[in-house]
Amino acid sequence: MRAQNVVSAAGTSALMLAASAAAEQAVFHPTSLTAPFVEQFNENIADSRWTISRATKQTPVGDEIFSYVGQWEVEEPEVYPGIQGDRGLVLKTKAAHHAISTLFPEPIDPKGKPLVVQYEVKLQKGLECGGAYIKLLTEGEGGEGFRAGEDYTDKTPFTIMFGPDKCGSTNKVHFIFRHKNPITGEWEEKHLKNPPAPKITKTTALYTLIVNPDQTFEILINDESVKTGSLLEDFTPAVNPPKEIDDPEDFKPESWVDEAEIDDLEATKPADWDEDAPLMVTDTSATKPDDWLEDEPEYIPDPEAEKPEEWDDEEDGDWVPPMVPNPKCEEAAGCGPWVQPKIKNPDYKGKWTIPKIPNPAYKGVWAPAKISNPAYFEDLHPSDFTKIAGIGIELWTMTEDILFDNIFIGHDASQAKKFADETFHVKKPIEKEAEGSLEDEDLDHPNTLVDKIRLKVYEFIHLAGIDATSAVKQMPEVAAGLAAAAFTAIGMLLALFGLIGSAPTKVKQTTTVKKTPTTKAVAPVAPAGEEEKKALDEAGVPVPNPEVTNPEVRKRTTRSTKD
């Protein structure tokens with residue numbers, strides 16, 4: 001075998017090993033993207049900016065008092081884990097009230113700008129009855145902001161509520177925003193009409209809300225658009241009230257006649273009206289058809305039926321074959337005794353009732369007079385929401401282990417998309433493969449094996465060009481793969497040129513795994529299979545020669561070279 005072929009195969013093996021390691025061992029790295037608020041839950045709750053509520057709440061029905069006793073933890077998912085070391089905020093208690101919140105460094109003012117709300121939800125045990133939505137909390141009118149972390153309840157004012165909710169007949173993605181009437185000063189919740197259904201799966205779901213300054217909005221689930229519309233047209237009650245309303249002091253006069261018809265009191269039943277006449281009578285004019293087979297039965301025993309072998313006459317009685325339609329009757333007009341058919345009675349009139357006539361006193365349908373709406377206003381820019389002070393998650397649920405992760409609040413939808421590419425789209429195929437539901441369309445995303453080969457290796461080379469030590473520390477799995485492949489190539493070259501024994505030296509491949517407090521060790525990656533080879537071919541990378549990868553062929557090649 002030529003030396004350059006060995007080197008080419010070794011390079012290919014390095015790419016395959018590095019790509020396989022990257023694909024199987026996705027390790028969490030905090031994002032470098034910036035936005036008004038980004039949360040990846042890199043700290044335990046006690047050390048973080050989040051505050052668990054210690055308040056109580058009163059139910060709207062029955063006036064019962066409940067405490068927020070539900071537990072929260074920051075931990076990695078237990079069901080279908082995706083990115084190693086990627087932790088999230090987990091609701092831990094079943095059948096309990098939970099509340100937790102955090103403040104933004106500075107209040108977010110959506111006025112005149114797009115608003116993008118995006119986060120991940122992982123329903124590790126499904127969702128029997130409960131919510132998984134978040135609330136963007138309203139900044140205080142005096143500028144003091146939201147400052148009641150331990151006192152956070154369901155009564156704390158919010159600007160937007162967004163996310164999935166399922167219980168009984170409820171199964172929707174909420175989009176609710178609070179709007180202030182500038183005339184009365186009253187706040188009112190505006191609920192989205194015909195909201196989309198959520199994704200109730202044990203794999204991670206990505207929920208995105210985009211509100212534009214032109215009053216349009218879009219909801220995406222797993223980066224796919226599921227609902228679009230207008231803040232001015234698709235919410236109830238409507239943002240802008242009607243210009244006119246019914247006069248509350250106008251009442252229908254007692255003399256108002258709104259019956260359009262009345263009984264004709266002068267009408268009498270005709271003398272020839274027979275209420276007892278039957279609806280149907282015998283057709284006396286009918287005669288029997290000439291081809292009517294009166295002596296043939298309509299049904300006959302099935303001539304092809306046979307008594308079952310297990311039939312016992314003593315226990316089961318005499319066997320009788322099933323009946324089937326007589327084939328002779330199908331060719332004739334009919335079989336059996338002929339009788340004259342029934343027809344509708346031409347003299348039938350039914351029960352006589354008094355006829356109706358137009359009411360001469362009818363005045364029409366009464367309606368109250370219209371007056372100008374004293375509470376009327378016109379807000380053409382409801383997307384100029386009240387300033388947002390922070391985020392709250394306040395839920396009651398019958399299902400525990402709901403995980404929230406990778407929250408993004410900002411003004412740039414493209415930044416939110418990049419954030420999803422770093423997080424959701426990396427873990428999605430890993431989780432689906434673990435679940436056994438990986439589909440063809442999942443392989444079409446940029447984060448496929450082919451792209452991992454290109455991106456991971458190119459990223460390592462780029463980092464190594466700047467600082468080799470830093471590259472090894474940041475991407476140890478790629479460095480280990482390349483090193484193992486290099487040792488393999490050296491050993492093969494020495495064997496081919498006879499510099500070591502008659503048998504080629506076998507180099508043990510190892511995969512170095514960087515362990516951290518939140519990182520689990522991963523087993524060494526198996527050699528690439530047919531799918532990886534196909535992916536390498538699609539990526540433009542040479543596929544290893546079987547003479548290099550097969551030990552038996554290598555032995556034969558080594559002997560022939562020596563001879």
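The values are calculated or read from the model by the stated rules, or taken from the named source; none is laboratory data. This structure is a prediction, so every number in the text was calculated from the model and none was measured. Cβ atoms come from the backbone with ideal geometry, glycine included; neighbour counts cover every protein chain shown. Quick note on the areas: whole protein, heavy atoms, side chains included, nothing else; ligands and nucleic acids left out. Shrake-Rupley method; radii C 1.70, N 1.55, O 1.52, S 1.80 Å.
Return yes or no: is residue 268 outside the structural domain of residue 124 (by the TED database), modelled with pLDDT of 90 or more, within 30 Å of residue 357 (Cβ to Cβ) and not aromatic (Phe, Trp, Tyr)? It is true that residue 268 is outside the structural domain of residue 124 (by the TED database), modelled with pLDDT of 90 or more, within 30 Å of residue 357 (Cβ to Cβ) and not aromatic (Phe, Trp, Tyr). Residues considered: 223, 234. Of these, the only one that is open to solvent by 30 Å² or more (accessible area, probe 1.4 Å), on the phi > 0 side of the Ramachandran plot, under 23 Å from the mean Cα position of the chain (by Cα) and in the same structural domain as residue 122 (by the TED database) is 223.
Yes or no, residue by residue, for (1) within 20 Å of residue 132 (Cα to Cα); (2) in contact (Cβ under 8 Å) with a residue 40 or more places away in the chain; (3) not in a loop (DSSP other than H, G, I, E, B):
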residue	(1), (2), (3)
182	no, yes, no
201	yes, yes, no
209	yes, yes, yes
217	no, yes, yes
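Checked against the criterion of being surrounded by 10 or more Cβ atoms within 10 Å (Cβ to Cβ) and touching an Asp or Glu at 6+ places or on another chain (Cβ under 7 Å), region 271-284 has at least one qualifying residue.
Counting only strands (runs of 3 or more DSSP E) wholly contained in region 56-150, the ones carrying 2 or more residues that are at pLDDT below 85 occupy 56-58, 65-67.
Across region 31-43, the qualifying residues are those that are of a type outside the set (D, E, K, R) and closer than 17 Å to residue 102 by Cβ, and the one among them that is surrounded by the fewest Cβ atoms within 10 Å (Cβ to Cβ) is 42. A residue that is under 32 Å from the mean Cα position of the chain (by Cα), among the polar types (S, T, N, Q) and assigned to a loop (DSSP other than H, G, I, E, B) cannot be found anywhere in region 273-285. On inspection, residue 188 does not qualify as open to solvent by 80 Å² or more (accessible area, probe 1.4 Å) and either touching an Asp or Glu at 6+ places or on another chain (Cβ under 7 Å) or not assigned by the TED database to the domain that holds residue 421 (or both). Somewhere in region 335-348, is a residue surrounded by fewer than 17 Cβ atoms within 10 Å (Cβ to Cβ), at negative phi and modelled with pLDDT under 90? Checked region 335-348: at least one residue is surrounded by fewer than 17 Cβ atoms within 10 Å (Cβ to Cβ), at negative phi and modelled with pLDDT under 90.
Can you tell me which residues in region 44-56 are hydroxyl-bearing (Ser, Thr, Tyr) and either surrounded by 19 or more Cβ atoms within 10 Å (Cβ to Cβ) or outside the structural domain of residue 151 (by the TED database) (or both)? Hits for region 44-56 are 51, 53. When we screen 311, 319 for residues that are free of Cβ contacts under 8 Å to residues at least 24 places away in the same chain and touching a Lys or Arg at 6+ places or on another chain (Cβ under 6 Å), the only hit is 319.
Does region 378-397 include one or more residues that are without any contact (Cβ under 8 Å) to a residue 60 or more places away in the chain and either outside the structural domain of residue 180 (by the TED database) or within 32 Å of the chain's Cα centre (by Cα) (or both)? Within region 378-397, not a single residue is without any contact (Cβ under 8 Å) to a residue 60 or more places away in the chain and either outside the structural domain of residue 180 (by the TED database) or within 32 Å of the chain's Cα centre (by Cα) (or both). One residue is enough: does region 311-320 have a residue meeting the conditions within 58 Å of the chain's Cα centre (by Cα) and open to solvent by less than 100 Å² (accessible area, probe 1.4 Å)? Within region 311-320, one or more residues are within 58 Å of the chain's Cα centre (by Cα) and open to solvent by less than 100 Å² (accessible area, probe 1.4 Å).
For region 164-175, the condition of being more than 20 Å from residue 391 (Cα to Cα), within 15 Å of the chain's Cα centre (by Cα) and hydroxyl-bearing (Ser, Thr, Tyr) holds for at least one residue. Right, residue 293: touching a Gly at 6+ places or on another chain (Cβ under 9 Å) and either modelled with pLDDT of 90 or more or charged (D, E, K, R) (or both) or not? For residue 293, the condition - touching a Gly at 6+ places or on another chain (Cβ under 9 Å) and either modelled with pLDDT of 90 or more or charged (D, E, K, R) (or both) - is met. Please go through region 349-391 and pick out each residue that is open to solvent by 60 Å² or more (accessible area, probe 1.4 Å), more than 30 Å from residue 262 (Cβ to Cβ) and in a loop (DSSP other than H, G, I, E, B). Scanning region 349-391 gives 374, 376, 378, 380, 381, 387. Checked against the criterion of being assigned by the TED database to the domain that holds residue 68, open to solvent by 20 Å² or more (accessible area, probe 1.4 Å) and over 27 Å from the mean Cα position of the chain (by Cα), the candidates 105, 114 yield just one match: 105. Just name the residue that is farthest from residue 337 (Cα to Cα) out of those in region 296-310 that are charged (D, E, K, R) and open to solvent by less than 80 Å² (accessible area, probe 1.4 Å). So the residue we want is 302.
Taken across region 249-270, residues that are among the hydrophobic types (A, V, I, L, M, F, W, C), without any contact (Cβ under 8 Å) to a residue 40 or more places away in the chain and surrounded by 13 or more Cβ atoms within 10 Å (Cβ to Cβ) do not occur at all.
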